[in-house]
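Here the structure comes first, spelled out in structure tokens, and everything after it is commentary.
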Amino acid sequence: MAPNRRSGPSSSNDNENPDIAAIIAQQLQTILPEIVTQVTNNVNNANNGNGGNGGGGNGNGGNNGCTFKAFQSCNPKEYDGKGGAIALTRWIEKMENVIDNSGCAENQKVRYASSSFVNKALTWWNTQVQARGRVAAMAMAWNDFKALMVEEFCPSNEMEKLENEFWKTQNVNNDREFRIYI
């Protein structure tokens with residue numbers, strides 16, 4: 001025989017059952033401040049990324065980065081893969097200024113910068129895209145992208161030559177400073 005179950009307020013077990021509404025209210029009081037803190041932190045983090053005024057300099061809230069049109073309006077310099085370390089360094093510096101000024105998001109930097117490749121650099125980049133896959137190549141971190149370019153377009157012997165010139169310049173400058181103080 002199935003047990004006879006009673007429901008409603010006339011149940012004899014009312015004193016033994018906890019008050020569900022009281023438990024929920026107590027748990028809400030405990031967790032609500034934590035939820036408010038998390039929401040506030042998320043809002044503050046979003047505002048820190050775009051200057052706190054919905055701007056970010058690109059007119060689209062700063063969270064989504066920039067449009068390609070905005071990037072192009074900053075006149076990014078083409079890169080052809082020639083000129084060695086000096087040309088690459090100058091291109092990277094200019095590109096980082098364009099990226100900052102246009103408000104590119106992290107996931108747009110490689111995609112937009114690689115659009116300025118021509119000739120040898122474009123051929124090299126197309127090879128990278130084929131080897132890695134388009135999604136992976138475009139999702140590459142900016143610093144990894146720069147390191148990959150240095151590896152390809154800055155021969156080690158040229159880097160050594162630049163390093164030697166740097167140290168020679170440092171020594172000459174140190175000698176001059178030393179002579180001035182004598």
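Every number here is computed from the coordinates shown, using simple stated rules; none is lab data. All values derive from a computational prediction rather than experimental measurement. All Cβ positions, glycine included, derive from the backbone under ideal geometry; neighbour counts span all protein chains shown.
Things to note:
- Ascending count of other beta-carbon atoms within 10 Å, so fewest first, for Ser156, Ser116, Ser73, Ser102: Ser156, Ser73, Ser116, Ser102
- Ordering Val118, Val129, Val110 by the number of other Cβ atoms within 10 Å of each residue's own Cβ, fewest first, gives Val118, Val129, Val110.
- For Cys74, Cys66, order by how many other beta-carbon atoms lie within 10 Å, fewest first: Cys74, Cys66
- 3J(HN,Hα) from dihedral phi, segment 77-83, Karplus parametrisation 6.51/-1.76/1.60, rounded to Hz, x for glycine, proline: 7, 5, 10, 10, x, 9, x
- Rounded if a/c under 1.5, otherwise prolate or oblate - segment 68-172, Cα gyration tensor axes: prolate
- Under 5 Å between amide hydrogens, built in the peptide plane, is the criterion, and for Tyr79 it picks out Phe117, Val118 among residues at least 5 positions away or on other chains.
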